[in-house]
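Chemist: Starting off with a structure, shown below.
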Amino acid sequence: MENLSPRQRKIAARVLISGRVQGVFYRASTQEAAQLKAVHGWVRNLPDGRVEAFFEGTTEAVEAMIQWCHQGPPGARVTKVVVEYQESQDLPGFEIQYYPR
């Protein structure tokens, strides 16, 4: 096993973002930010107006994405970010998902 620093270890987090986060390119901007940080996972709108995301990658990269979620893209007005750390799913990339209707 490699000796990885805590910032290099792989973690995963489910994030729920509340506020004015739909209709402001939040999902596309999240995907772009995640790809720049080499974070895998997905993002989707929820029927109740929130955005849900799942991030996995190094501790440093995932924590950076969580911090990014507090601001979001221009036009977003984030009022709350809830984070739940989970097991990694070893996802292959980062995608925009659509909530089942």
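Chemist: Can you pull out every residue in the stretch 71-101 that is among the aromatic types (Phe, Trp, Tyr) and modelled with pLDDT of 95 or more? Spell out the reasoning first.
Modeler: Filtering the stretch 71-101 for residues among the aromatic types (Phe, Trp, Tyr) gives 85, 94, 98-99.
If the condition is that a residue be among the aromatic types (Phe, Trp, Tyr) and modelled with pLDDT of 95 or more, then Tyr85, Phe94 are the ones that fit.
Chemist: Among Gln31, Gln8, Gln22, which is within 19 Å of Asp90 (Cβ to Cβ) and part of a loop (DSSP other than H, G, I, E, B)?
Modeler: Numbers: Gln31 fails: part of a loop (DSSP other than H, G, I, E, B); Gln22 fails: within 19 Å of Asp90 (Cβ to Cβ).
That would be Gln8, the only listed residue that is within 19 Å of Asp90 (Cβ to Cβ) and part of a loop (DSSP other than H, G, I, E, B).
Chemist: Now for a different question. Where the second residue is crowded, with 22+ Cβ neighbours inside 10 Å and part of a strand (DSSP E or B) and the first is without any contact (Cβ under 8 Å) to a residue 60 or more places away in the chain and hydrophobic (A, V, I, L, M, F, W, C) and lies in the stretch 8-26, which pairs have Cβ atoms under 8 Å and are six or more apart or on separate chains?
Modeler: Between residues of the stretch 8-26 that are without any contact (Cβ under 8 Å) to a residue 60 or more places away in the chain and hydrophobic (A, V, I, L, M, F, W, C) and residues that are crowded, with 22+ Cβ neighbours inside 10 Å and part of a strand (DSSP E or B), the close pairs are Val21/Val51.
Chemist: Still on this structure, please answer the following. Please count how many residues of the stretch 79-95 are among the hydrophobic types (A, V, I, L, M, F, W, C) and within 14 Å of Ile17 (Cβ to Cβ).
Modeler: From the stretch 79-95, those among the hydrophobic types (A, V, I, L, M, F, W, C) are 81-83, 91, 94; that's our starting set.
Next cut, within 14 Å of Ile17 (Cβ to Cβ) only: 81-83.
Total satisfying the criteria: 3.
Chemist: Please go through the stretch 76-101 and pick out each residue that is surrounded by fewer than 16 Cβ atoms within 10 Å (Cβ to Cβ), in contact with a Phe, Trp or Tyr (Cβ under 7 Å, 6 or more places away or on another chain) and outside any strand (DSSP E or B).
Modeler: The answer is Gln97, and nothing else.
Chemist: Any chance the stretch 60-72 includes a residue that's touching a residue at least 12 places away in the same chain (Cβ under 8 Å), in contact with a strand residue (DSSP E or B) (Cβ under 8 Å, 6 or more places away or on another chain), assigned to a strand (DSSP E or B) and on the phi < 0 side of the Ramachandran plot?
Modeler: No, the stretch 60-72 contains no residue that is touching a residue at least 12 places away in the same chain (Cβ under 8 Å), in contact with a strand residue (DSSP E or B) (Cβ under 8 Å, 6 or more places away or on another chain), assigned to a strand (DSSP E or B) and on the phi < 0 side of the Ramachandran plot.
The values are calculated or read from the model by the stated rules, or taken from the named source; none is laboratory data. In this text, all values refer to a predicted model and were calculated from it rather than measured experimentally. Ideal geometry is used to build each Cβ from the backbone, glycine not excepted, and the neighbour counts take in all protein chains shown.
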